[in-house]
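No value in this document is a laboratory result; all are computed from the given coordinates. The shown structure was predicted, so the numbers you read here are calculated from the model rather than taken from an experiment. In this analysis, Cβ positions are derived from the backbone assuming ideal geometry, glycine residues included, and neighbour counts consider all displayed protein chains.
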Amino acid sequence: MGTKMIAAGLAFLASAACAVPAFSEEPVALRIGWVQVGHVTPMYDILVKEHPELFPHYGKSYTFAGVRFNGTTPEIQALAVNELEIASMASSSMTLGVTNAKLDLRMVSDLIQDGRPGSYDEPFVVKKDGPIKTIEDIKGKRIATNAIGSASDTSMRIMLRKHNIADSDFTTIEANFANMFPMIEQDKVDLIPVLPQDMKRVFETGRYRTLYTAGEARGPAETVAWAMRASFIAAHRAALVDFFEDHLRALHWFLEPAHHDAAVAIAAQVTKQKPDELQYFFTHDDFYRDPDGVPDLKAAQKEIDDSAKLGILKEGIELSPAYVDLSLIKEAKARLNGANGGG
């Protein structure tokens, strides 16, 4: 009698489980690393609330939340301990994630590029009346960097190595990008990189000049891309395609000139800066962003090769095909084009 009741109970539970509809599954939670506002993730945190129509899959198949870091290299550890699903990775930090942390990473989408003709090219600036007149004068001086191994840090070291300046020839001071301008103003450092959001206030003083740019150091670059662990992609592919479809839809909204004022208003909420300091956003004075989300793999590989050759990276990697998966962004684009009637 007891055995029959147990069997009946198990049969009921099995049938009940089969009756649960697919949409009752929890959305996949995506924690997305970002370093500065140009990485768009902190802007998406606002955009999804102001324009939910741009994110039709949000809350259904996925959710997301931005997680801020001082640089891309700290995101390696976050990926390793499963505290991050999508990381913003420079070519250098991507390489370190593979060679040092032994992570099976995949570059999945473009995020920002710099050094491209006609778009923002990160300047490294010094005081006009300061001690640095040439690149060689950097020896013995103090340089601000957001994180060792980041995109900005790597371009700086590439230029210095090309001028026979070793890491031991100067002092590296890690700082948040937002703190760098006050630091050089207070003579705590001698050279800083300047992001687009700081260009206006730095150069309007008339006290600073560009010593060199990142583009002059290493040419056009896939400055930061999104990267993920291969195992996570395999486990959550459908939800990730939904996310990237919404990402492209939102990116196109930001890139539309008619939405410029609204985009600046969102950037002002994130940065707490005045809108007149942020007019560069999504213009030719900003980072270049591929509208289809396709990273410049050739530029990324060149930077990896140059960094390894100059000893900035102990070893390089052959990025494609082993550490690249563009199928998510391509499927998302095809779906989005289909929804727009092929446009």
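Does anyone have the angle between helix 260-271 and the longest principal axis of the chain? Alpha-carbon axes, 0 to 90°, nearest 10?
Result, in degrees: 80.
Mind listing which trypsin sites (Lys or Arg not before Pro) in segment 31-104 are in a DSSP loop and have 16 or fewer other Cβ atoms within 10 Å? Walk me through the numbers before you get to the answer.
Values: sites: R31, K49, K60, R68, K102; in loops: K60, K102.
For trypsin sites (Lys or Arg not before Pro) across segment 31-104 that sit outside H, G, I, E and B with at most 16 neighbouring Cβ atoms in 10 Å, the list reads K60, K102.
May I ask you to list the lysines whose Cα is less than 16 Å away from that of K49, ignoring any residue fewer than eight positions away on the same chain?
K60
Can you grab the distance from the C-alpha centre of segment 314-343 to the C-alpha centre of segment 26-59, Å, no decimals?
Using only Cα atoms, the two centres lie 19 Å from each other.
Enumerate by residue number the trypsin sites (Lys or Arg not before Pro) in segment 121-176 meeting two conditions: DSSP loop (anything except H, G, I, E, B), and at most 15 other Cβ atoms within 10 Å of the site's Cβ.
Details: sites: K127, K128, K133, K139, K141, R142, R157, R161, K162; in loops: K128, K133, K139, K141.
Of the trypsin sites (Lys or Arg not before Pro), the ones in loops of segment 121-176 whose Cβ has at most 15 other Cβ atoms within 10 Å are K128, K133, K139.
Compute the signed sum of charges (Lys and Arg +1, Asp and Glu -1) over the other residues within less than 12 Å, Cβ to Cβ, of G71. It would help to have the intermediate numbers written out before the result.
Numbers: positive: R68; negative: E75, D153, E174.
Charge balance in the 12 Å sphere: -2.
Give me the distance between the Cα centres of segment 183-237 and segment 60-115, rounded to whole Å.
17
What percent does the relative contact order of the chain come to when contacts are Cα pairs within less than 8 Å and at least six residues apart? Mind dumping the intermediate values first?
Numbers: 576 pairs, mean separation 85.3, N = 343.
Reported as a whole number, the value is 25 percent.
When the helices in the chain are scored as -39500 (n - 2.57) per DSSP H run of 4 or longer and the sum is shared across all residues, what 222 nm value do you end up with, to the nearest 500 deg cm²/dmol?
Numbers: 13 runs with 141 residues, N = 343.
-12500 deg cm²/dmol, from helical runs alone.
Could I get the Rg over Rh figure for segment 295-343? Both from C-alpha atoms, Rh via Kirkwood, rounded to two places. Provide the component values of the computation, followed by the final result.
Working: Rg = 16.1 Å, Rh = 12.9 Å.
Value, to two decimals: 1.25.
Which of rounded, prolate or oblate describes the chain when judged by the alpha-carbon gyration tensor and an a/c cut-off of 1.5? Intermediate results must be reported in sequence, preceding the final value.
On the way: a/c = 2.34, a/b = 1.77, b/c = 1.32.
Because a/c hits 1.5 or more and a/b exceeds b/c, the chain counts as prolate.
Please identify every one of the GluC sites (Glu not before Pro) in segment 46-145 that sits in a loop by DSSP and has no more than 13 other beta carbons within 10 Å of its own beta carbon. Present the calculation step by step, with values, prior to reporting the outcome.
Details: sites: E50, E53, E75, E83, E85, E136; in loops: E83, E85.
Filter output for segment 46-145: E83.
Counting Lys +1, Arg +1, Asp -1, Glu -1, what net charge surrounds F181 among other residues with beta carbon under 9 Å of its beta carbon? Let's see the in-between values first.
Working: positive: R201; negative: E185, D198.
Charge balance in the 9 Å sphere: -1.
How compact is segment 123-218 by the rule of thumb for globular proteins, expressed as Cα Rg over 2.2 N^0.38 Å?
Values: Rg = 12.0 Å, N = 96, 2.2 N^0.38 = 12.5 Å.
After normalising by residue count via 2.2 N^0.38 Å, the value is 0.96.
I need the P(r) histogram for segment 237-281: all alpha carbon pairs, bin width 5 Å from 0 out to the longest distance, whole percents.
Binned Cα distances yield the sequence 5, 22, 22, 16, 14, 11, 7, 2, 0.
So if I restrict to the alpha-carbon atoms in segment 149-274, what is the Rg, and what is Dmax, the biggest pairwise distance, in Å?
18.9, 53
Just need the relative contact order of segment 123-218 here, percent rounded to a whole number, with Cα pairs under 8 Å and 6+ apart. Mind dumping the intermediate values first?
Working: 140 pairs, mean separation 46.8, N = 96.
In percent, rounded to a whole number, it is 49.
Give the angle, between 0 and 90 degrees and rounded to the nearest 10, that separates the Cα long axis of helix 41-50 from the longest principal axis of the Cα atoms of the chain.
50
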